[in-house]
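Beneath this line is the structure, given in structure tokens, with notes to follow.
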Amino acid sequence: MSAPTISIVAALIRDAAGRVLLVRKRGTAAFMQPGGKRDHGEDDVAALSRELDEELGCRVVPGTVSPLGTFECMAANERDTRVNAAVYAVDVAGDIAARAEIDEIRWIDPSSPGDIRLAPLTRDHVLPLARS
């Protein structure tokens, strides 16, 4: 039997120095892109906008959403589960702070993330995109 799959949207957010924003959810060890599951009837941009507001208190800048692809890999925090992630590069406005279920935020250099545990989506798909 194949592993269950969770469908999500995720954001690649960079600062002026080219660093990538990662988040760590409460009670977990892996850092990942901000984002989450779509609510019923939401399209990707609406879901991403809502998740970024809830988790980080920032807003997606209209006209900056750029699709990077859809990727499937093992989930970071759900055992024996896969994620199917639609990933978008976005610019955001407003102060960014850990809110809701987010315990920690970090800005990392995509070429040398340091000694932190990365979610498979971030490690295998998003950071390579951010480096190119």
| So for L118, L48, fewest C-beta neighbours within 10 Å to most, what's the order? | L118, L48
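Report the charge-dipole magnitude of the chain in Debye, nearest 20, computed about the Cα centre from +1 at each Lys and Arg Cβ and -1 at each Asp and Glu Cβ.
Working: 16 positive and 20 negative charges, 61 e Å.
Rounded to the nearest 20 debye, it is 300 debye.
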| said: As a test of the formula, what do you get for the chain when each DSSP H run with n ≥ 4 contributes -39,500 (n - 2.57) and the sum is divided by the residue count, at 222 nm and rounded to the nearest 500 deg cm²/dmol? | reply: -4000 deg cm²/dmol
| task | Return the distance in nm (one decimal) between the two label points of a simple spin-label model at D103 and T5, each offset 7 Å from Cα along Cα→Cβ. | result | 3.0
| query | What percent do you get for the relative contact order of the stretch 5-131 when only Cα pairs under 8 Å and 6+ apart count? | reply | 34
| request: Specify the inter-centroid distance of the stretch 86-132 and the stretch 1-34, based on alpha-carbon positions, in whole Å. | output: 6
| query | Based on Cβ point charges of +1 for Lys and Arg and -1 for Asp and Glu, what charge dipole magnitude is obtained for the stretch 1-73 about its Cα centre, in debye rounded to the nearest 20? | reply | 320
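Quick note: the coordinates plus some simple rules give every number you see, no bench work behind them. No experiment lies behind these values; they were computed from the predicted model shown. Please note: Cβ atoms are built from the backbone with ideal geometry, for glycine as well, and neighbour counts cover all protein chains shown.
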